[in-house]
Amino acid sequence: MTREQINSTEAEVSLDRVDGRLKVTGAARYSAEYQAENLAHAVLVTSTIAKGRIKSIHAKSAEESKGVLAVISHLNTAGVPGYGSAKQPPERAPMGTSFRVFFDDFIYFDGQPVALVVAHTLEQAMHAATLVRVEYETETHQTDFKANISKAGMASNVQRNKNSPFQDYSRGAAGAMLRADVKLEETYTIPTQHHQPLEPHAIIAAWEGDDRLTVYDKNQGVKSVQGQLAQAFKIPKENVQVHAPFIGGAFGSGIRVWPHTIAAVMAAKMLQRPVKLVLGREQMFTSVGYRPYTVQKMAVGATLDGKLTFISHEATGQTSAYEEHLERTVLSSRVMYECAHVVTKYRHLSLDVNTPTWMRGPGDATGMFALESALDEMAFALRMDPLEFRLRNHADADPERKLPWSAKSLKACYHLGAQRFGWKDRVLEPRTMQKQGMLVGYGMASSLYGFHRHPSKARAMMLANGSVVVQSATMDIGPGTGTAMTQIASKITGVPARNIRFDLGDSSLPDAPGQNGSSTIPSVGSAVHVACEALKSKMLVLAAAMPGSTLSVAKPEEVTVKNGRMFSAADHTAGVQYADILKYHNLPQVEVTEESRSGQEVNQHSMYSFGCHFVEVHVNPLTGEVRVKRVVTCADVGKIINYKTARSQSIGGVVGGIGMALMEASVMDHRFGRYVTTDFASYHIPVHADIPQIDVIYIDKPDALANPIGSKGLGEIAIVGVAAAVANAVFHATGKRVRELPIGVEQLV
Ligand code: MOS
């Protein structure tokens, strides 16, 4: 996008990242970069079988190796808080048990931590880790999803909970499929995909005495890590300090506390010195979850004039043998379109693998690949333009909850996106558009993402010099949280952004949710908004008390603030600087802490972010190589706080979606139950050369019912639907429908 195309409103709300300079100069400090006196280095030793028991651990040569301080395993953790056990349990952990590191001799998956080598230096620890020899008693493992799919069932915690959203769902379904004019039944598959942030997971753990713990840990929620570590190590929450001010990407891998974190904290406790543990890239494939392998059966019925009459969406997702991970995979099929007859089911397949976790747009990105592919297939069966088909089935109200939307500008997204993309030039028949010998395909898909707003607190402080500090225990895993919060604070207080500091990523700050579920701006942004409003009110009271103040009679709404100065709208000449208010009252600072949370509005309205993507692909007819040439993505997420950082998030989401469609797949060798694609040479993610021009459009209309700032989540809707839009474009280019991701040349020639 050229400078001219960015209109002035966008330019005004495109503040550069407040921490951009720190990041590009290397001054931003990430978890593994902190220093601690006497810091020891740890390296994990992981299992080489997928199921069985540890017979013996030969650690002597590692222990005697130069610089080694300890080799920690289930053999010597008895009595250590964390997950150590004094007694070997007789049986494998039942379903529903978090994996307990160094707890017993059972092996649940390949790559499971079996020992931790701690040494003076990293090199010493790495070397000694190669000397640890583990003998196993191997049992037959099952890791092959397709070979075992008949064993899938309903998760036991769904069976127990009648109100679970993952219960089987049906509305008006009886006989509906039979009555449809056109029917379609297809199966869509996505492979396991792994989050691969630039920064691997890392922790530095340091104990002070027996009951005070400080960690520098890569995660997505300092408060949640604080709570989980306090519980695991049986110490008061206040005694755990978690620092994570900078995170080099996470995509969901940092939502949970993982075994390696516990292992490092245990080691620091046992050795009574700080311990650092950084996962190797290959360990990122077995230590911090993944997007689960999922097979989805879709059945769709429609009338000849393009009205959906029936949607059945059944998904089976992978989980481990010890823990049930549930995803929203089928839920979007209940709400995306107006359709009277809908059936959804979610099933689990438990395998000898580690537990999956949330990965950007968890469930929705998976489910919408199936729904939006099936819709495209149905549109083609009806010989109808895919966009027109979606417009005919637009849901004017939430068809699941039978509630009005709080706001929905999806039709505007379709319209603006199609216009910018040039959708009208699309020829209905596949394999008819060509450019320079390449098959050209235009594809599109809708997207949606639920609205998540959690109770959040923020503290706002006016300092003596008139600058503002705002604090909240929220996170920035990459989107630019501090920048957006600075803008919210600046707008309300009238203090220029350069005079505002926003603190995050520290568990001692006011309570806030972790950065997940695209909830940060809606939740924490609202808290910052109300805290700054409260600060302004407090300043107004103080200002009004000054002799001769023209503000004494002003109502808050009549007061304007600009450049750190308050003045009444009636008289612009007689204002007062914030700094002078504090000076007059002889105050070092003025401080407020406020909480913001949802009210009844969430029960009266259905709240979602909406959007759509348009994709042009070129496919080489001889080699089957697919190149994405152009993407237009449009989102209706309420008010946009910062166009620049928002656009980056949308671009990142689309890149993730392109990776999902064309590249990302964690391939396992089932003879060993082991991933073989554990580096970037074999686990492919898009690089710059794979990514074309991505055009981002926002409706930018506040959703007044959602929260005080009118903003909904953006981070995840950016990826939802992208893989389907690519697959739909590939169909349009080639006439070949690929229903199993990633789309490779082998499926196209
Ligand atoms: Mo996201 S998968 O909620 O980080």
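Tell me whether the stretch 565-574 contains one or more residues that are outside the structural domain of residue 609 (by TED's automatic domain parsing) and either within 16 Å of the ligand (Cβ to nearest atom) or closer than 20 Å to residue 469 by Cα (or both). Yes, because at least one residue in the stretch 565-574 is outside the structural domain of residue 609 (by TED's automatic domain parsing) and either within 16 Å of the ligand (Cβ to nearest atom) or closer than 20 Å to residue 469 by Cα (or both). Of the residues making up the stretch 250-298, those that are within 15 Å of the ligand (Cβ to nearest atom), open to solvent by 10 Å² or more (accessible area, probe 1.4 Å) and touching a residue at least 60 places away in the same chain (Cβ under 8 Å) are 251, 255, 256. Answer with yes or no whether residue 390 is of a type in the set (Lys, Arg) and more than 30 Å from residue 173 (Cα to Cα). Considered against the rule, which asks whether it is of a type in the set (Lys, Arg) and more than 30 Å from residue 173 (Cα to Cα), residue 390 comes out as no. Scanning the stretch 711-749 for residues that are among the β-branched types (Val, Ile, Thr) and in contact (Cβ under 8 Å) with a residue 12 or more places away in the chain returns 717, 719, 720, 722, 726, 730, 734, 743, 745, 749. The numbered conditions (1) crowded, with 24+ Cβ neighbours inside 10 Å; (2) within 16 Å of the ligand (Cβ to nearest atom); (3) of a type outside the set (A, V, I, L, M) are all true for residue 224 except (1). If you go through the stretch 662-678 one residue at a time, do you hit one that is under 16 Å from residue 629 (Cβ atoms) and either surrounded by fewer than 24 Cβ atoms within 10 Å (Cβ to Cβ) or among the hydrophobic types (A, V, I, L, M, F, W, C) (or both)? Yes, the stretch 662-678 contains at least one residue that is under 16 Å from residue 629 (Cβ atoms) and either surrounded by fewer than 24 Cβ atoms within 10 Å (Cβ to Cβ) or among the hydrophobic types (A, V, I, L, M, F, W, C) (or both). Within the stretch 301-330, restricting attention to residues that are assigned to a loop (DSSP other than H, G, I, E, B), closer than 19 Å to residue 376 by Cα and not β-branched (Val, Ile, Thr), which residue is most open to solvent (accessible area, probe 1.4 Å)? Filtering first and then ranking leaves 304. Being under 15 Å from residue 266 (Cα atoms) and either within 16 Å of the ligand (Cβ to nearest atom) or in contact with a strand residue (DSSP E or B) (Cβ under 6 Å, 6 or more places away or on another chain) (or both) is the filter here, so list the residues in the stretch 227-240 that pass it. Hits for the stretch 227-240 are 229, 230, 240.
Per-residue answers, yes or no, for (1) in contact with an Asp or Glu (Cβ under 8 Å, 6 or more places away or on another chain); (2) in contact (Cβ under 8 Å) with a residue 60 or more places away in the chain; (3) of a type outside the set (D, E, K, R):
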{"residue": "523", "(1), (2), (3)": "no, yes, yes"}
{"residue": "531", "(1), (2), (3)": "yes, yes, yes"}
{"residue": "572", "(1), (2), (3)": "no, no, yes"}
{"residue": "582", "(1), (2), (3)": "no, yes, yes"}
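Of the residues making up the stretch 581-621, those that are within 26 Å of residue 457 (Cα to Cα), in a loop (DSSP other than H, G, I, E, B) and open to solvent by 20 Å² or more (accessible area, probe 1.4 Å) number 7. When the stretch 87-123 is limited to residues that are crowded, with 24+ Cβ neighbours inside 10 Å and among the β-branched types (Val, Ile, Thr), the one that is farthest from residue 353 (Cα to Cα) turns out to be 118. Within the stretch 704-727, the only residue that satisfies the criterion of being closer than 17 Å to residue 456 by Cα and outside any loop (DSSP other than H, G, I, E, B) is 711. Take the stretch 211-221 and flag every residue that is in contact (Cβ under 8 Å) with a residue 40 or more places away in the chain and either open to solvent by 60 Å² or more (accessible area, probe 1.4 Å) or β-branched (Val, Ile, Thr) (or both). Across the stretch 211-221, the qualifying residue is only 215. Note on the stretch 166-176: among residues that are assigned to a loop (DSSP other than H, G, I, E, B) and touching a strand residue (DSSP E or B) at 6+ places or on another chain (Cβ under 9 Å), the one that is farthest from residue 313 (Cα to Cα) is 172. Scanning the stretch 495-523 for residues that are polar (S, T, N, Q), part of a loop (DSSP other than H, G, I, E, B) and within 13 Å of the ligand (Cβ to nearest atom) turns up 515, 516, 518, 519.
Selection of the stretch 679-699 for residues being assigned to a loop (DSSP other than H, G, I, E, B) and either surrounded by 19 or more Cβ atoms within 10 Å (Cβ to Cβ) or of a type in the set (Val, Ile, Thr) (or both) yields 683, 685, 686, 687, 691, 699. Just so you know, in the stretch 470-485 the residues that are outside any helix (DSSP H, G or I) and open to solvent by less than 10 Å² (accessible area, probe 1.4 Å) include one that is farthest from the ligand (Cβ to nearest atom), and it is 470. Which one is surrounded by the fewest Cβ atoms within 10 Å (Cβ to Cβ) among residues in the stretch 524-542 that are within 10 Å of residue 460 (Cβ to Cβ) and either within 16 Å of the ligand (Cβ to nearest atom) or of a type in the set (Gly, Ala, Ser) (or both)? The selected residue is 534. So is residue 624 in contact with an Asp or Glu (Cβ under 8 Å, 6 or more places away or on another chain) and in a strand (DSSP E or B) or not? No; evaluated as a whole, the condition is false for this residue. Residues of the stretch 394-420 that are among the polar types (S, T, N, Q) and without any contact (Cβ under 8 Å) to a residue 24 or more places away in the chain: 419 alone.
The values are calculated or read from the model by the stated rules, or taken from the named source; none is laboratory data. Computed from a predicted model, the values in this text were never measured in an experiment. Here Cβ is always computed from backbone atoms with ideal geometry, including for glycine, and neighbour counts include all displayed protein chains. Note: accessible area is taken over every heavy atom of the protein model, side chains too, but ligands, DNA and RNA are not part of it. Shrake-Rupley method; radii C 1.70, N 1.55, O 1.52, S 1.80 Å.
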